[in-house]
Amino acid sequence: MSFSVEEAFETAGMILFHNFDIRAVTLGVNLKDLVRPDAAELAGLAHARLAGLGARLKAEAEAVSQDLGVPIVNKRLSITPAAWLIEPCREPDAPLILAQALDRAATEAGVDFIGGFGALVQKAMTAADRRLMEALPVCLSQTNRICGFLNLASTAAGMNLDAVARLGHVLKDMAATSDDALACAKFVAFANAPEDNPFMAGAFHGGGEGDVTLNVGISGPGVVRAVVEKYPDCDLTMLSEVIRRTVFKITRAGELVGRELARRLGVSFGVVDISLAPTTMIGDSVGRILQAMGLEQVGAPGTTAALALLIDAVKRGGAMASGHVGGLSGTFIPVSEDLAMIEAVECGALSLEKLEAMTAVCSVGLDMFAVPGDTPAHALSAIIADELAIGMVNHKTTGVRVIPAPGRAPGDSVDFGGLLGRAPIMPVNRFSGERFIARGGRLPAPAGALRN
Amino acid sequence: MDKERVFVVVIGGDQKGIIARVSTLLFQHGANVEDVQQKVMDGTFVMTMLVDISDCDSGPAGLRRDLDHLGQTMGLTVMVHSESVVKAMHRV
């Protein structure tokens, strides 16, 4: 089989000039068999398993990256939702004992994060779920590499408004107990959370998964931006075609890397998550793709339609390239992690309301955005309820990763550095939904969920 | 056993001795050059070599390290990808 110089150069150029990489290889690990009444014993066993698997993941991922010539950026672990693990533990501080052991395992193994420190509470909470939720501020502020989540709504179950209402207060505590509210950047509130998501902060190893599974998150906003810029005047049908072709190529590379890594680790290969995930590197931006499509700024009229086209083209190209597409498989539009999104907020083009509208057509929800530190807990809960309602009604995943930055107001920003980037503070509508949130109870599942 | 092949992609300004020096290094590693193509694309010199490294003593990692070093001396960028990656991306 012969290849042209253009084809070999295209592969090299994607990596060299447009930040193409495998964003995350995430090993999902079942810990249900380690459940013990003694939290210290559970923590010790979990530490041993995760430190061992994490070190192997890191070593093999680096070897595969060298052998195939494709960069792999992040190596991560996800675990059985932690609320299930602490069910029988009697110690009041069982969540923290577990979190600290997991954090040590991640550090020793050299993996970036361990996800799954959370609970599925879309209908109601068990005592363990409640204990874990209340411990999130201390657990996420006293560890470095642990990510938490709560699934608070699903299309089948509706939305647990009692938990959403309480979460507003928990988020305020998380913001108050960590520098610059960093703990909030490590937590996602979900509707319809996928059980095989390789991306942080929301990765966890769901109840329907096997013992150990490798999931892969590809990336490539820079590659897609470059190809869109090559076609400044073509119509949208043609534009969809060129995006599809490009995403097909990068997904095939992701699938190849994932299968090879799973083979070397001797574990099953789960899914490729075909999300476009931006970074703060110049050009590696979903917002810049939207601008290359013809928008002056993200947030301008037309943004939601442009994003709908982009995400559809990504799915078409990715679905053909991979045997098992899963996880979030959408397009990430985090504010702080994308230079074009930051610019759009700072110039007044992008409001919280428009960002919410954008999430109706892309998977991942309101991500990495900061609001004033004095935003009341009920307003945080109401923002989350709005976003989760979009996911619940539309049979899709949505999530919220909100940073109520202490002492900051619109015009300020909060800078986390690195992958998490810099979040300009977005103003929140000053009118209140407090009485609505205070009602509590459950938002009924949409009638459209009755499909049987 | 299937051959293990990689693409060596050399990018940068055209200059004397690129093919000679890259080929010599590949020879020293026990690698066999099966195909060479070169072209100026968007004003940049691009050379691709399809190289059989089945008998390469140091594996792709060692080859990449030495090619990187050569590239730095000559002011060139050298990328090494497994043939399987290029095949997966460009052939259905």
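All of the numbers you see were taken from the coordinates with simple rules; none came from a lab. Predicted, not measured: the structure shown is a model, and the values here were computed from it. Because the Cβ atoms are built from the backbone with ideal geometry, glycine has one as well, and the counts that use them run over all protein chains shown.
Listed here are the pairs A:Lys249/B:Lys87; A:Lys32/A:Lys75; A:Lys230/A:Lys354; which of them are more than 19 Å apart at the Cα? Don't skip to the end; give the middle numbers.
Working: A:Lys249/B:Lys87 10 Å; A:Lys32/A:Lys75 22 Å; A:Lys230/A:Lys354 28 Å.
Over 19 Å Cα-Cα: A:Lys32/A:Lys75; A:Lys230/A:Lys354.
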About its Cα centre, the range A:388-452 carries a charge dipole, from +1 on Lys and Arg Cβ atoms and -1 on Asp and Glu Cβ atoms, whose size in debye to the nearest 20 is 300
Under a plain spin-label model, where a point goes 7 Å from the Cα along Cα-to-Cβ, how far apart in nm are A:Arg430 and A:Met320? 5.2
Find how many whole Å separate the alpha carbon centroid of the range A:80-124 from the alpha carbon centroid of the range B:1-58. 49
Give me the distance between the Cα centres of the range A:390-440 and the range A:273-312, rounded to whole Å. 20
Could you give the length gained by full extension between A:Asp93 and A:Ala449, i.e. 0.36 nm per residue of separation minus their alpha carbon distance, to one decimal place? 124.3 nm
Qualifying trypsin sites (Lys or Arg not before Pro) for the range B:31-92 [loop in DSSP, other Cβ within 10 Å: at most 14]: B:Arg91
Coil-residue trypsin sites (Lys or Arg not before Pro) of the range A:81-131, DSSP, other Cβ within 10 Å capped at 12: A:Arg90
Let me have the 222 nm mean residue ellipticity of chain A computed from DSSP H runs of 4+ only, each contributing -39500 (n - 2.57), with the sum over all residues rounded to the nearest 500. -14000 deg cm²/dmol
Relative intensity, log₁₀ I(q)/I(0), of chain A from a Debye sum that treats every alpha carbon as a point, q = 0.07, 0.08, 0.11, 0.14 Å⁻¹: -0.32, -0.42, -0.82, -1.35
May I ask you to derive the FRET efficiency for A:His169 and A:Leu236 from their Cβ-Cβ distance with R0 = 41 Å, giving the value to the nearest 0.05? 0.35
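Going by how many other beta carbons lie within 10 Å of each one, how would you line up A:Leu152, A:Leu443, A:Leu355, fewest first?
Ranked by crowding around the Cβ, least crowded first: A:Leu443, A:Leu355, A:Leu152.
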Label-point separation (nm) for A:Asp162 and A:Glu353, each offset 7 Å from Cα along Cα-to-Cβ? 3.4
Fewest Cβ neighbours within 10 Å first, please rank A:His378, B:His69 accordingly. B:His69, A:His378
Please compute the modelled spin-label separation between A:Asp415 and A:Ala40, points set 7 Å along Cα→Cβ, answer in nm with one decimal. 4.4
Order the peptides B:20-31, A:154-165, A:52-63 from the highest to the lowest mean number of other Cβ atoms within 10 Å of their residues. A:154-165, A:52-63, B:20-31
For A:Asp312, A:Asp367, A:Asp179, what's the fewest-to-most ordering of other Cβ within 10 Å of each Cβ? A:Asp179, A:Asp312, A:Asp367
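Mind running the shape call on the range A:367-452? Use the C-alpha gyration tensor, a ≥ b ≥ c as the square roots of the eigenvalues: rounded below 1.5 for a/c, prolate if a/b tops b/c, oblate otherwise.
Judged from the Cα gyration tensor, the range A:367-452 comes out oblate (a/c at least 1.5, b/c at or above a/b).
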I need the calculated FRET efficiency for the pair B:Gln72 and A:Ala176, taking r as the beta carbon distance and R₀ as 51 Å, to the nearest 0.05. 0.55
For the range A:337-446, whose charge dipole is built from +1 on Lys and Arg Cβ atoms and -1 on Asp and Glu Cβ atoms, the candidate among A:Cys362, A:Ile403, A:Gly433 with its Cα farthest towards the positive end is A:Gly433
Given a Förster radius of 22 Å and the C-beta distance between B:Thr24 and B:Ala61 as r, what FRET efficiency does 1/(1 + (r/R0)^6) yield to the nearest 0.05? 0.65
When we measure straight from the Cα of B:Lys3, which aspartates and glutamates land under 12 angstrom away, once same-chain ones fewer than 8 places off are left out? B:Glu34, B:Asp52, B:Asp55, B:Glu83
Cα centroid separation, the range A:142-163 to the range A:203-230 (Å): 21
